[in-house]
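Enquirer: Structure provided below as structure tokens; questions to follow.
Every number in this text was worked out from the coordinates using simple rules, so none of it is lab data. Everything quoted here is computed from the prediction, not taken from an experiment. Don't worry about glycine lacking a Cβ; one is built from the backbone with ideal geometry, like all the others, and counts go over all protein chains shown.
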Amino acid sequence: MWRRNEEEERCFLAAIDVIQSPVSVDLTRALFDTFLPIDDFGTQETVVGALHRVQEDRYFAVLAEQIVGIIDRAPDWAEDLLIRAVRWHAVPFKTMMEAMSVQRRRAVSSFMERELPDLLRTWQNE
């Protein structure tokens, strides 16, 4: 979801601002799809706020589907999402990791070993 100019950015923010709970699975996926490796002038924080409105079980189910793609296309945002998950939602994060396929779990663990080793150790010791 590339926003090419300031007007598109304003429209994007307006659309995000009106999201209400409960947030559907499809909309949750669409929100995760907006994490891109572009300078977004802080607008992705609005997306993070909208993701806080997603039911916890739905959030982690979709994050499990999407996190490897986010790691590949926007690793800085993957770091942010993983830090938030581990620090504030350790139990659902653990459940998500346990439910992932071995391949996805390895990809996430490998990324955390490389980019977030202290956070990974903290999470593994809980």
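Enquirer: What label, among (i) 0.97; (ii) 1.38; (iii) 1.26, belongs to Rg/Rh (Cα atoms, Kirkwood Rh) computed from the structure on display?
Expert: (i)
Enquirer: Would you order E65, E8 from fewest to most other beta-carbon atoms within 10 Å of each residue's own beta-carbon?
Expert: Result, fewest neighbours first: E8, E65.
Enquirer: Less than 11 Å from a label point 7 Å out along the Cα-to-Cβ axis of Q55: which backbone N atoms in the range 9-32 qualify, by residue?
Expert: Inside the label zone: 22-25.
Enquirer: Sorting check: for 113-125, 74-86, 45-57, which peptide has the highest mean count of neighbouring beta carbons within 10 Å, and how do the rest follow?
Expert: The densest-packed peptide leads the list: 74-86, 45-57, 113-125.
Enquirer: Taking the Cα-to-Cβ direction at T95 and at L119 and moving 7 Å from each Cα, how far apart do the two end points lie in nm?
Expert: For the pair T95/L119, the computed spacing is 2.1 nm.
Enquirer: Given the Cα-Cα distance of D80 and L27 and 0.36 nm per residue of separation, how much length would full extension add, in nm?
Expert: 17.1 nm
Enquirer: Taking the Cα atoms only, what angle lies between the long axis of helix 6-17 and the longest principal axis of the chain, rounded to 10 degrees?
Expert: 60 degrees
Enquirer: So what is the 222 nm mean residue ellipticity for the chain from helices alone, if each DSSP H run of at least 4 adds -39500 (n - 2.57) and you divide by all residues, rounding to the nearest 500 deg cm²/dmol?
Expert: For the chain, the value works out to -22500 deg cm²/dmol.
Enquirer: Under the definition of Cα pairs under 8 Å and six or more residues apart, what whole-number percent is the relative contact order of the range 6-124?
Expert: 24 percent
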